[in-house]
Ligand code: MRU
């Protein structure tokens, strides 16, 4: 089952808020329903958001909506992952050619996602085998798997490709507070794949690295700035600092659509700040405040290499 798909002239997607307990596929008939699904993270992860943006504009055209207005609303549903507005703009560019052209472009982006990420995964696995060794334990953060794309995954696509060539050891994954995309979604995917894995709390990442339990850190990205700064789920930056201290390669796996040459550096990226209620609850006293950053910026000098569907960008030589 694909994370997101186009069937019978509408969007279908897995509601990721219910995993791992419940596997439910929802039909999306309107752009407002899609925006709601994006905001509540029923569909999430940068490449999946790119596909959602593209299919959303096609849906607006099919429904006879004001397409530019719908495209604008969709682009603004979440601010940080550049893929969302990338997907929206790819389809909006066909506005003059009519609805069928817009639907075809969206479907092309959907199908392309699968091929792009399997290429990326194999390239990443090859890099690791060449530069790190024949059997590799990996640390990952958040969910950069099939659920964040259409079918294959970025960082977890590399894990999948390592498994294919029998080069994968153990996977450690951060639970990824506050919404637990690691503990809920990555652990669920690794179970499906039959990969041995261990969930650790986010603050244990440095200890996993310091104890030599992994030979590489592999994460996805929501936006890569022109200077190589990487914006990804909150908690990625401390993991990169710990990896540098432990002299463990820190790899970023992302499609070319995540590379944003129009953004000079990480400091220029709008970081989504989500509702404090996602952090506060019965475990915090009444009246406490929370600042719920959803993403952070890893400076380029902490990134060993960026693996895309087209190339490997060596940001920093291995020490
Ligand atoms: O808030 P989310 O779940 O959309 O954040 C997702 C991430 O940060 C992923 O690591 C990133 O989108 C890369 S997914 C291939």
#### Entry: Qualifying residue in segment 270-282 (condition: touching a residue at least 12 places away in the same chain (Cβ under 8 Å), closer than 27 Å to residue 136 by Cα and surrounded by fewer than 17 Cβ atoms within 10 Å (Cβ to Cβ))
no
### Out of 243, 221, sole residue that is assigned to a loop (DSSP other than H, G, I, E, B) and within 16 Å of the ligand (Cβ to nearest atom)
221
### Message
On the basis of being away from the ligand (no atom under 16 Å from the Cβ), surrounded by 23 or more Cβ atoms within 10 Å (Cβ to Cβ) and in contact (Cβ under 8 Å) with a residue 60 or more places away in the chain, does residue 106 make the cut?
### Response
yes
### Query
Yes or no: residue 68 more than 24 Å from the chain's Cα centre (by Cα) and either assigned by TED's automatic domain parsing to the domain that holds residue 218 or surrounded by 24 or more Cβ atoms within 10 Å (Cβ to Cβ) (or both)?
no
### Task
Identify the residue in segment 173-218 that is touching a helix residue (DSSP H, G or I) at 6+ places or on another chain (Cβ under 7 Å) and over 27 Å from residue 291 (Cα atoms) and, among all such residues, is nearest to the ligand (Cβ to nearest atom).
189
### Message
Please verify whether residue 94 is touching a strand residue (DSSP E or B) at 6+ places or on another chain (Cβ under 9 Å) and either modelled with pLDDT under 95 or more than 14 Å from the ligand (Cβ to nearest atom) (or both), treating the condition exactly as stated.
### Response
no
### Query
Could we say that residue 42 is out of contact with any helix residue (DSSP H, G or I) (no Cβ under 7 Å at 6 or more places or on another chain), free of Cβ contacts under 8 Å to residues at least 60 places away in the same chain and not in a helix (DSSP H, G or I) here?
yes
### Query
Do you know which of the residues in segment 251-269 that are surrounded by 13 or more Cβ atoms within 10 Å (Cβ to Cβ) and part of a helix (DSSP H, G or I) is nearest to the ligand (Cβ to nearest atom)?
258
### Task
Exactly one condition in (1) surrounded by fewer than 19 Cβ atoms within 10 Å (Cβ to Cβ); (2) away from the ligand (no atom under 16 Å from the Cβ); (3) free of Cβ contacts under 8 Å to residues at least 60 places away in the same chain; (4) under 20 Å from residue 13 (Cβ atoms) is not met by residue 59; state its number.
(1)
### Query
For residue 29, which of the numbered conditions (1) more than 22 Å from residue 101 (Cβ to Cβ); (2) surrounded by fewer than 24 Cβ atoms within 10 Å (Cβ to Cβ); (3) touching a strand residue (DSSP E or B) at 6+ places or on another chain (Cβ under 6 Å) fails to hold?
(1)
### Message
Residue under question is residue 47, and the condition is that it be in a loop (DSSP other than H, G, I, E, B), in contact (Cβ under 8 Å) with a residue 40 or more places away in the chain and in contact with a helix residue (DSSP H, G or I) (Cβ under 9 Å, 6 or more places away or on another chain); does it hold?
### Response
no
### Task
Within segment 126-159, work out how many residues are within 24 Å of residue 206 (Cα to Cα) and either buried (at least 24 other Cβ atoms within 10 Å of the Cβ) or within 16 Å of the ligand (Cβ to nearest atom) (or both).
15
### Summary
Residues in segment 157-176 that are in contact (Cβ under 8 Å) with a residue 60 or more places away in the chain and under 24 Å from residue 52 (Cα atoms) total 2
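The values are calculated or read from the model by the stated rules, or taken from the named source; none is laboratory data. Here the structure is a predicted model, which means the values were calculated and not measured. Neighbour counts run over all protein chains shown; Cβ positions are idealised from the backbone, glycine included.
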